[in-house]
Amino acid sequence: MTDRDIFLANDGTERALALSYADPGDRAALESLLALDDALAQVLRTTTTPAVGQLRLAWWREALAALDHAPPPAQPVLEGLAAHLLRHDVTGAMLVPIVHGWEVLVEEEELGADAIARHAAGRARLFVVAGRLSGHAGDPRLEAAGRAWALADLSRHLRRTDDAAEAKRQALAALAAVAEGARWPGGLRSLGALALSARLDLEGRYPAGHPRRAMRLLWHRLTGR
């Protein structure tokens with residue numbers, strides 16, 4: 001954990017915009033998923049030693065798996081997942097790989113290409129699970145888009161320039177599997193917006209808050225492209 005900034009996972013403004021693109025019936029479930037990702041990022045941000053971080057993330061792994069056979073404890077994120085997500089043919093066990101993705105950043109003294117890929121693979125589960133909410137579990141873009149979103153986020157927060165460059169390289173490779181301009185269906189438009197935000201971050205043409213960036217995201221909402 002010594003070679004990277006401690007960070008929260010997502011820019012709040014564009015995430016709120018992406019959430020507004022979700023179908024109303026799915027929005028609370030997607031919010032719950034992103035709240036889980038934020039909570040795991042918070043563990044990283046507030047933990048100073050790997051051993052303590054591993055223990056805290058182990059608690060999350062066990063708590064998520066326990067949602068499949070017991071009511072949630074009095075913890076807002078777990079309560080939100082139980083209320084809004086598990087009724088959508090999603091199990092707590094399906095969410096555990098997201099924790100694994102964050103564990104990589106706690107366990108590895110130096111990241112490198114393999115660790116960066118494992119982090120992205122874990123967090124990409126968020127997109128895969130979110131796809132199940134709207135009946136698009138088989139969409140082949142979900143895993144690649146999720147990896148690109150996670151890697152673009154990671155690349156902005158790594159202190160070591162070689163690791164940041166590797167995260168960006170992997171993010172661009174993942175985006176290559178998500179054809180720019182391909183239409184996202186209505187039920188996946190919020191995830192498409194998150195992937196588009198990642199693409200705009202990696203391209204670096206328009207910073208967050210730039211009017212042209214906002215217009216590009218609005219065009220995505222209207223067309224799915």
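The values are calculated or read from the model by the stated rules, or taken from the named source; none is laboratory data. Keep in mind that this is a model prediction, so the values were computed, not measured. Cβ placement follows ideal geometry from the backbone for every residue including glycine, while neighbour counts extend to all protein chains displayed. Heads up: the accessible areas ignore ligands, DNA and RNA and are worked out on the full protein's heavy atoms, side chains in. Shrake-Rupley method; radii C 1.70, N 1.55, O 1.52, S 1.80 Å.
Surface composition of region 35-97: carbon plus sulfur atoms hold 61% of the accessible area, using a 1.4 angstrom probe and ignoring ligands, DNA and RNA.
Shown for region 109-225: the carbon plus sulfur share of the solvent-accessible area, taken with all protein chains present and a 1.4 angstrom probe, equals 54%.
Assign one of three labels to region 58-172, namely rounded, prolate or oblate, based on the Cα gyration tensor with a ≥ b ≥ c the square roots of its eigenvalues; rounded applies when a/c is under 1.5, prolate when it is not and a/b is larger than b/c, and oblate otherwise. It is oblate, given that a/c is not under 1.5 and a/b is not larger than b/c. Taken about its Cα centre, region 156-225 carries a charge dipole of roughly 280 debye when the Cβ of each Lys and Arg holds +1 and the Cβ of each Asp and Glu holds -1.
Charge dipole of the chain (Cα centre as origin; +1 on each Lys and Arg Cβ, -1 on each Asp and Glu Cβ, all else neutral): 900 debye, rounded to the nearest 20.
Rolling a 1.4 Å probe across the protein heavy atoms gives the chain an accessible surface of 43 Å² per residue. Each helix, a run of at least 4 DSSP H residues, gives -39500 (n - 2.57); summed and divided by the residues of the chain, these come to -22000 deg cm²/dmol at 222 nm. If R0 equals 45 Å, the separation of the Cβ atoms of E110 and L222 corresponds to a calculated FRET efficiency of about 0.55. To the nearest 10, the accessible area of L111 is 20 Å² with a 1.4 Å probe.
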